[in-house]
Amino acid sequence: MKVNVAQMRARIAAPIPDIRLYLLHGPDEAGAQALGQQLAQALGPEVEKIDVESKALRDSPGTLADEAASLSLFGERRLIRVRGADDATVEAVTLLLNAEQAINPVVAFGPGLRTSSKLVKLAIAAPAALALACYPPEGQDAVRLASTLAQEQGLRLTGDVPQRLASATGGDRAVLAREIEKLALFLDAAPDRPRDADSTTLEAIGADLNESELFEVIEAAIDGRVATIGTAFRRLREAGGSGIPLLRQLARRLMTLAELRAQADSGIPVDQLVERIFFRERADTARALKRWNAPQLARAIERVRSAERALMQTANAGDVIAEAECAALTRAAARMRG
C-alpha cells in the first residue's frame with residue numbers, strides 16, 4: 001500500500017500485526033533511517049533488532065519469512081531490518097507476504113529503488129505492506145526540519161540560521177542533526193536550558209557551510225578532472241568540509257544524473273533535458289550525460305554509498321575514505337569518452 005509521510009508516521013507510531021513490511025525507499029536515506037528508529041521505539045524499549053543483509057536474501061530468500069516468524073529467546077518484540085533492499089529481494093519479500101504467520105515486522109531500506117521497481121510495485125499492491133518514497137525536504141520543509149531538530153536540542157534558531165543550515169545540508173537529516181548538535185554543545189543548550197543560536201554562533205563553530213567547495217569536488221570528480229581534484233580537496237578541507245556530507249551530496253548528484261540518463265536513453269535529447277535544470281548546472285550536466293552511461297552511474301552510486309557506510313563505522317580511516325573514493329571516481333571518469 002502506498003502512503004505519504006504523515007500516514008507512515010501514524011502507522012509507525014501505532015504498529016499493527018496486519019502490516020508485515022514497511023518499505024522506505026528513495027534518496028533520503030537519513031530520513032528513512034529516522035522512521036525506522038521511530039518504529040523500533042514504538043515496539044518498546046526491549047525490542048530486539050535483527051539486521052539482515054540484502055545479499056543474504058538473494059542467496060536464501062526464505063530467511064526473511066523465517067526471521068519474521070521466529071520468537072525471541074526471552075520473549076521480547078523483534079524488528080527485522082533489511083538494508084540495501086533492491087529488486088533482487090523480491091522473492092524474499094513475496095515469501096514474507098505469503099507466509100502463514102509473521103509475528104515480527106520487517107522494515108526495508110532501499111535508497112536506490114525507484115517507484116517503477118518491482119519491489120516497490122509489490123509493496124504498493126500488498127495490503128500487508130506500506131511503501132513510502134523518501135525524498136530530502138526542500139524549501140520551507142527543510143527550514144522547518146532544522147527548527148524542529150534544534151528545539152529537540154534546546155536551541156532556538158534566530159535570524160536566517162534555519163535557512164542557512166537547511167541550504168548547507170541539502171535537507172539531509174543526518175548532516176543537519178550533526179550541525180545542530182555542534183551548536184548545542186557550543187552553547188551548552190538542552191531542553192531544560194534553552195539557548196538562542198544566531199548567525200554569529202554559527203560562524204564561530206565553523207559549521208559546514210561550504211557549498212561552493214563541496215560542489216567543486218563533486219563536479220571535478222564527475223567530470224574526470226584529475227589535475228584539479230587535489231586542489232578541490234584542499235579547498236574543501238580548509239573550508240571545514242567533511243566526508244559524510246561530501247559522499248551524500250555526491251550520491252545525490254549521481255542519482256540525479258542516473259534519472260536524466262534514463263530519460264536520455266528513452267529518446268529525449270540531452271539538450272532538451274538540461275533546459276529543465278538550474279542554468280548554472282546545465283553545462284556540467286550536459287558533459288556528464290555524454291560521458292556517463294547508465295551501468296557506470298549505477299556502479300558509482302553503489303561505490304559511493306559503500307564508502308559512506310564505511311565512514312560511519314567505528315574506528316574508520318576518517319575523511320580519507322571519502323577522498324579516496326572521489327579520487328577513484330575521478331580517474332574512472334577521466335578514462336571515459338566524453
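Shape summary of the range 95-138, radius of gyration then Dmax from alpha carbon positions: 12.0, 42 Å. Here Lys55 is the anchor, and the lysines within straight C-alpha reach of less than 19 Å, apart from those fewer than 8 places off in the same chain, are Lys118. The sum of -39500 (n - 2.57) across all DSSP H runs of n ≥ 4, divided by the residue count of the chain, sets its helix-only mean residue ellipticity at 222 nm to -17500 deg cm²/dmol.
Under a model in which nothing but the beta-carbon of Lys, Arg (+1) and Asp, Glu (-1) is charged, the range 222-328 shows a dipole of about 80 debye around its Cα centre. For the range 1-143, compute Rh as the Kirkwood radius over C-alpha pairs and then the Stokes-Einstein diffusion coefficient at 20 °C and 1.002 mPa s; write the answer in µm²/s, rounded to an integer. For the chosen part, D equals 143 µm²/s. Compared with the direct C-alpha span, the chain from Lys121 to Asp160 gains 9.9 nm at full extension, assuming 0.36 nm per residue. Mind grabbing the base-10 log of I(q)/I(0) for the range 71-170 at q = 0.14, 0.19 Å⁻¹? Debye formula, identical points on the C-alpha positions, no solvent, two decimal places. Values returned for q = 0.14, 0.19 Å⁻¹ are -0.74, -0.91.
Taken per residue, the accessible surface of the chain reaches 49 Å², heavy atoms only and a 1.4 Å probe. When the Gaussian network model of the chain links Cα atoms closer than 10 Å, the mean-square fluctuations of Gln313, Gln140, Gln153 top out at Gln313. Here the accessible area is traced with a 1.4 Å probe on the protein chains. For the chain, carbon and sulfur cover 52 percent of it. Panel values: the range 244-316, Kirkwood radius from alpha carbon pairs, Stokes-Einstein at 25 °C and 0.890 mPa s, translational diffusion coefficient 187 µm²/s. If both residues of a DSSP beta bridge must be in the chain, then about 5% of such bridges are antiparallel.
Each distinct pair of alpha carbons in the range 20-62 adds a 1/r term; the inverse of their mean, the Kirkwood radius, is 12.2 Å. Here the dipole of the chain is about 840 debye; that uses its Cα centre as origin and unit charges on the Cβ of Lys and Arg (positive) and Asp and Glu (negative). Once the chain from Asp198 to Ala286 is taken as fully extended at 0.36 nm per residue, the excess over their C-alpha distance is 27.7 nm.
With r defined as the distance between the Cβ atoms of Gln151 and Ala14 and R0 fixed at 22 Å, what FRET efficiency is calculated, to the nearest 0.05? Don't jump to the answer; show the numbers that get you there.
On the way: r = 24 Å, r/R0 = 1.08.
So, using R0 = 22 Å, E works out to roughly 0.40.
Would you mind estimating how fast the range 48-105 diffuses translationally, via Stokes-Einstein at 4 °C and 1.567 mPa s with the Kirkwood radius over Cα pairs, in µm²/s? Here the translational diffusion coefficient equals 114 µm²/s. Inter-part distance, the range 241-295 to the range 154-200, computed on C-alpha centroids, equals 31 Å.
Considering the dipole of the chain built from charges on the beta carbon (Lys and Arg +1, Asp and Glu -1) around the Cα centre, which of Asn293, Leu95, Ala146 is farthest to its positive end? The listed residue farthest towards the positive side: Asn293. Computed from the Cβ-Cβ distance with R0 of 41 Å, the FRET efficiency linking Glu138 to Glu100 stands at 0.40. With every protein chain in place and a 1.4 angstrom probe, the accessible-area ranking of Phe109, Phe215, largest first, reads Phe215, Phe109. Over the range 112-219, one equal point on each Cα, no solvent: what is log10 I(q)/I(0) by the Debye formula at q = 0.15, 0.16, 0.17, 0.18 Å⁻¹? The calculated log intensity ratios at q = 0.15, 0.16, 0.17, 0.18 Å⁻¹ are -0.69, -0.74, -0.79, -0.84. Kirkwood analysis of the Cα pair distances in the chain returns a hydrodynamic radius of 21.6 Å. The dipole here belongs to the range 283-326: it is taken about the Cα centre, uses +1 on the Cβ of Lys and Arg and -1 on the Cβ of Asp and Glu, and is about 300 debye. Across every pair of non-identical alpha carbons in the range 227-277, the mean reciprocal distance, once inverted, gives a Kirkwood radius of 13.1 Å. Each of Ala128, Met312, Ile218 was placed along the dipole of the chain (beta-carbon charges, centred on the mean Cα), and the one lying farthest toward the positive end is Ile218.
On the beta carbon distance between Ala69 and Arg114, with R0 = 45 Å, the FRET formula returns roughly 0.90.
Starting from the residue with the highest accessible area, list Val270, Val93 in decreasing order, probe 1.4 Å.
Most to least solvent-accessible, the answer reads Val270, Val93.
If the chain linking Glu46 and Asn4 were pulled fully straight, counting 0.36 nm for each residue of separation and taking away their Cα-Cα distance, it would gain 12.3 nm. What residues of the range 26-68 lie in the reach of a label at Ala328, counting those whose backbone N is under 11 Å from a point 7 Å from the Cα along Cα→Cβ? Within reach of a label on Ala328: no residues.
The values are calculated or read from the model by the stated rules, or taken from the named source; none is laboratory data. What you see is a predicted model, and the numbers here were worked out from it, not measured in a lab. Cβ: placed from backbone, ideal geometry, glycine included. Neighbour counts: every protein chain shown. Please note that ligands, DNA and RNA were not included when accessible areas were found on the heavy atoms of the full protein model with its side chains. Shrake-Rupley method; radii C 1.70, N 1.55, O 1.52, S 1.80 Å.
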